[in-house]
Amino acid sequence: MTSRLPGFYRLPIAERRKRLAELADDKINVFSFKAIDAGGLTLEAADGMIENVIGTYALPFAVAVNFVIDGIEALVPMAVEEPSIVAAASNAARMARPAGFFSTMSAPVMIGQIQITHVADVDAAMIALADATPALLADARRLVPRLAERGGGPVALEPRLLARSGPDGAMIVVHLHVDCRDAMGANLVNTLCEALAEQVARVAGGRAGLRILTNLTDGRTVTTRVLIPDANLGDEGNGAEIKEAIVAASRFAELDPYRAATHNKGIMNGVDAVLVATGQDWRAVEAGAHAYAARSGAYRPLAVWRSTPEGLAGELVMPLAVGTVGGALHNHPAARLALELAGVGHADRLAALAGAAGLATNLAALRALATEGIQRGHMALHARGLARAAGATGELVELVAAELAACGDVKLERAREVLARLGERKESK
Ligand code: MEV
C-alpha cells in the first residue's frame, strides 16, 4: 500500500472511493463508503447519542495523502470545515517523504482527581495516604478486572497538597493514575474516582469533594519528529533559505504567546480534523493541549523547528488522550470507517496519526507564512467555494474560480456574472 496518490485531488468523489477501496485491505470496498453518505449517521443513531436531537449535522470527510508514519504508509482521515487543511497536510507529508514522521508514545496513563477538603492534619494525611497506597491501589484494581487482563489498570496514587488553610479548610488532591490501554478512559477513570473517594477521604481525615479526571493528561503524550531535507522545502534551490525562515517563525512562537496561540492553532487544525473524523473527544484533547502548552507558566508552542545540516527538524510534544474502543465509536459508522481506512487498530497508532497530522499542518502553515503568505492559496480555494455558491458545477467550477482569482475580485456577485457569461458560451457551443 502507498499513500502517495498523485492527482487524487482531481478525481471525482466516486473515483476517489474506488481508488481507496483498491488500496485498502478486504475490509473496505466501494459499498463501505455508504457509511459516510449523509453525514454517516442515521437519525435513529443520532437520537441515541445525545439529547433533544432534531437532525444530524455533517462536515466534509476527506483523506490526507502522502503520509508515512513510523515507517508505515498511512491514509489520514480528516473531517473539517476549513479549506486548505487537507491539502496543506498532504503537501507537508509529501515533503517529509520518504522517511516520514516518527512518533514515541508514553504509556496510555490517564489521571483521575479526588479532591479532599477540611483535612484536619495535612502532614499526617500525606503520610497516611502514602502508607495506604498499596491497599487503595489493590482495591482500585479489583474494580476493573477486565482492564487489568488487558495489561492496564490503576498504576499509582499521588497525593498533592493544595492548601494548608482556606474557606474549605486544608485541601489535598489525590491523583489516581490509570493505564487505560486502548480506551480514552474518561468513564473508567471517573468510575474509579467515584468508587474510591470515600475511602481516600477517610484515610486523609477529610471530606471527599470532586471526583473527576483531569484533561491535562501529561501522563499520556505523543512526541512526533520529522526531518525535511532542504531540497524538499523549495524546488528553486531556495530550500536552505526557507528552512531558516521557518526556524525564525518557530522562534517567534517561542518568544511570544500571542504568536504561540496561532502557531498551536495551526497544529490543532491537523490534530482536530483527525480526532473529529475518528469520533474522538476533541474538546478534551484541546483542553489538555493548551494546559500543557502553558505548564511552565508561560504559554509556549507545542511544536518547534530547528535548522540542522541534514535539513529542517521539527518536534511536536503534546498530550493526546484518544481511544479505539468505547466512546462514539460504538455508534458512529463514519468514525469506524475512518479507523479502517487509516488501518488503525490501537490507540497508540491513532495518536501517532493525529500527531503527524498536527506537525504537518504546522509545517505547511509556517512554510506558507514564511514565504508568500497564506492568502493566495486561501483565495484560490475561496474562489472555488464562491463558484459553487454561484451555481457552477462540473468543469465550470474551475473555470469560474480561475477567472475570479486572475482578476483578484473574489466576490459572489462577480462569480455569478462570470458563471452567466461562461455558461452561455458553453451552451452556444
Ligand atoms: C489558519 O487556520 C492557521 C494558521 O493561522 C496557522 C499559523 O499561523 O501558523 C495559518
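Brief remarks on what is shown
- The sole residue among GLY239, GLY297 that is more than 16 Å from the ligand (Cβ to nearest atom) and farther than 30 Å from MET184 by Cα is GLY239.
- Residues of the stretch 66-87 that turn out to be within 16 Å of the ligand (Cβ to nearest atom) and under 15 Å from the mean Cα position of the chain (by Cα), as a count: 7
- Cβ-Cβ distances below 9 Å connect the following pairs, each with a first residue in the stretch 90-104 that is within 19 Å of ARG367 (Cβ to Cβ), a second residue that is basic (Lys, Arg) and open to solvent by 30 Å² or more (accessible area, probe 1.4 Å), and a separation of six or more residues or different chains: ASN91/ARG367; ALA92/ARG367; ARG94/ARG4; MET95/ARG367; ARG97/ARG4; PHE101/ARG225.
- Wholly within the stretch 145-261, helices (runs of 4 or more DSSP H) carrying at least 1 residues that are assigned by TED's automatic domain parsing to the domain that holds ALA368 and touching a residue at least 40 places away in the same chain (Cβ under 8 Å): 230-233, 239-255
- Residue list for the stretch 278-321, filter: open to solvent by less than 30 Å² (accessible area, probe 1.4 Å), within 22 Å of ILE246 (Cα to Cα) and assigned to a loop (DSSP other than H, G, I, E, B): PRO301, LEU302
- Residues in the stretch 345-367 that are modelled with pLDDT of 95 or more and open to solvent by 20 Å² or more (accessible area, probe 1.4 Å): HIS346, ASP348, ARG349, ALA365, ARG367.
- Condition broken by ASP409, with the remaining ones in (1) at pLDDT 90 or above; (2) surrounded by 12 or more Cβ atoms within 10 Å (Cβ to Cβ); (3) not in a helix (DSSP H, G or I) satisfied: (1)
- Subset tally (residues that are open to solvent by 30 Å² or more (accessible area, probe 1.4 Å) and closer than 17 Å to GLY314 by Cβ) for the stretch 43-77: 1
- Failed criterion for ARG251 (all others in (1) away from the ligand (no atom under 14 Å from the Cβ); (2) open to solvent by 10 Å² or more (accessible area, probe 1.4 Å) hold): (1)
- The set of residues in the stretch 315-332 being of a type outside the set (A, V, I, L, M) and farther than 11 Å from LEU302 by Cβ consists of GLY323, THR324, GLY326, GLY327, HIS330, ASN331, HIS332.
- One residue from LEU339, LEU369 being within 16 Å of the ligand (Cβ to nearest atom) and part of a helix (DSSP H, G or I): LEU369
- Residue that is farther than 17 Å from ALA93 by Cβ, away from the ligand (no atom under 16 Å from the Cβ) and outside the structural domain of ALA21 (by TED's automatic domain parsing), where the choices are LEU329, LEU381, LEU386: LEU386
- Yes/no for VAL344 being away from the ligand (no atom under 16 Å from the Cβ), part of a loop (DSSP other than H, G, I, E, B) and either within 15 Å of ASP218 (Cα to Cα) or not assigned by TED's automatic domain parsing to the domain that holds ALA62 (or both): no
- Filtered residue count, the stretch 78-117, keeping only those that are open to solvent by 50 Å² or more (accessible area, probe 1.4 Å), of a type outside the set (Lys, Arg) and not in a loop (DSSP other than H, G, I, E, B): 6
The values are calculated or read from the model by the stated rules, or taken from the named source; none is laboratory data. These numbers come from a predicted model, not from an experiment. Positions of Cβ are backbone-derived with ideal geometry, glycine not excepted, and every protein chain shown enters the neighbour counts. Remember, those area values only see protein heavy atoms, side chains included, never the ligands or the DNA or RNA. Shrake-Rupley method; radii C 1.70, N 1.55, O 1.52, S 1.80 Å.
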